[in-house]
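Data first, discussion second: the structure below is written as structure tokens.
The values are calculated or read from the model by the stated rules, or taken from the named source; none is laboratory data. Everything numeric here is computed off the predicted structure, so don't read it as measured data. Methodologically, a virtual Cβ is constructed for each residue, glycine included, from the backbone with ideal geometry; neighbour enumeration extends over all protein chains shown. Surface accessibility is based on the protein's heavy atoms, side chains included, excluding ligands, DNA and RNA. Shrake-Rupley method; radii C 1.70, N 1.55, O 1.52, S 1.80 Å.
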Amino acid sequence: MTSKEKYREHCKKKDIPIFSKDWWLDSVCGEGAWNVVLVEKGGQIVASLPYMKTKRAIFDVIHMPILTQTMGVYITYPQKQKYEKKLSYEKEIINTLLNELPDYDSFSQNFHYNFTNWLPLYWNGFNQTTRYTYVIIGLLNKKEEEIFKDFSSSYRNKVKKAKTIVSVKQKDLSIERFYEINKKTFERQGLSLPYTLNFLQKHDEMLLKNNSREIFYAEDELGRIHSALYLTWDNNSSYVHMVGEDPELRKSASGILLVWESILYTKNTLKLDNYDFEGSMLENVEQVRRSFGAVQKPYFQITKTNSKLLNVRKLIKEILR
């Protein structure tokens, strides 16, 4: 079996985050555009590092796929491992994975927030930038009123207001209709959608096939859709994957209500403990995440540039900036 074939079997058995699942990578990269390096011990996979490698101009680039929050190293640890042994084990595993990677001119990946020891990467010449996602943690051990109480008073009032204006629905919103609502959010900010309808249709089909998505939307009595929220999940967490909002109907605060309803869905239907907003480094977005009672979870953006030409170009850009 190839490494990729082994990894597909591994993904069926392990709680690997959704963004590193083989079928997710098939969707966002294309089946032939990603690969994986593995560490095996005793015939078992103990570590993996999936990657997407593409050609940009004359450069070989390992980078993050579209609509994918994190990838990075995933390690399975021996039971009852002392901390000192754990660090030594991580160093050995990470060095082995890095040595197995193909040649590249540039590397950039976001690692899941559960990965905390990037020192072996530093010793191998990599750089790190700390980024943040916001996560509501411990849903299963909290009552609904406790979760709601963690919202800011302003957001609690907006949820109550939205309930008088719209109804929250699921199941019957087409991906084509969601795309149109999603596009309005980008257009309001003067941005173009980074994906096509065709891409989103195929992505949605893959998520449906793997029972890993639900679309929530808010509709008023006139049949107008105010906002929509696309939720994904794995065995550990749900994720706010995409959102959309009609800019002419924003005053209803329906988007805040959708977050609340999808949190309840995560707790009561999916029986998951964590609700992940998929992060943002934008100041105005950070304030929104915080207002839901979510906590900061730092994660690493790991980079390395081997090409001297790319390093010179990067230096020039920094000087000009």
Check: Residues in region 117-140 that are surrounded by fewer than 14 Cβ atoms within 10 Å (Cβ to Cβ), within 19 Å of the chain's Cα centre (by Cα) and more than 20 Å from F277 (Cβ to Cβ): how many?
Finding: 0
Next item on the list: Please determine, by comparing only the residues of region 267-279 that are of a type outside the set (A, V, I, L, M, F, W, C) and farther than 11 Å from V135 by Cβ, which one is least open to solvent (accessible area, probe 1.4 Å).
Entry: K267
Next item on the list: May I ask you to verify whether Y179 is open to solvent by less than 60 Å² (accessible area, probe 1.4 Å), of a type outside the set (D, E), modelled with pLDDT of 95 or more and in a helix (DSSP H, G or I)?
Entry: yes
Checklist line | Cross-chain or 6+ apart pairs with Cβ under 7 Å, region 1-20 first and free of Cβ contacts under 8 Å to residues at least 60 places away in the same chain and among the basic types (K, R), then assigned to a helix (DSSP H, G or I) and open to solvent by less than 60 Å² (accessible area, probe 1.4 Å) | finding: R8/D22
Check: Which one is nearest to the chain's Cα centre (by Cα) among residues in region 92-106 that are among the hydroxyl-bearing types (S, T, Y) and open to solvent by less than 40 Å² (accessible area, probe 1.4 Å)?
Finding: S106
Check: Within region 215-237, can you find the residues that are surrounded by fewer than 20 Cβ atoms within 10 Å (Cβ to Cβ) and part of a strand (DSSP E or B)?
Finding: E219
Notebook entry, point to check: Considering region 281-321 alone, what residues qualify as being basic (K, R), surrounded by fewer than 17 Cβ atoms within 10 Å (Cβ to Cβ) and in contact (Cβ under 8 Å) with a residue 60 or more places away in the chain?
Noted result: R290
Note to self: What are the pairs with Cβ atoms under 9 angstrom where one residue, in region 126-145, is closer than 24 Å to Y104 by Cα and the other, located anywhere, is basic (K, R) and surrounded by 12 or more Cβ atoms within 10 Å (Cβ to Cβ)? Sequence gap at least six, or different chains.
What the structure shows: F126/K304; N127/K304
Next item on the list: Among what's in region 36-55 and is part of a strand (DSSP E or B) and free of Cβ contacts under 8 Å to residues at least 40 places away in the same chain, pick the residue that is least open to solvent (accessible area, probe 1.4 Å).
Entry: V36
Note to self: If I filter region 56-91 down to residues being surrounded by fewer than 13 Cβ atoms within 10 Å (Cβ to Cβ) and outside any loop (DSSP other than H, G, I, E, B), which single residue comes out as nearest to the chain's Cα centre (by Cα)?
What the structure shows: R56
Notebook entry, point to check: Which residue out of V135, V166 is among the β-branched types (V, I, T) and in contact with a His (Cβ under 8 Å, 6 or more places away or on another chain)?
Noted result: V166
Checklist line | Number of the condition not met by L173 [criteria: (1) of a type in the set (A, V, I, L, M); (2) part of a helix (DSSP H, G or I); (3) closer than 30 Å to E245 by Cα] | finding: (2)
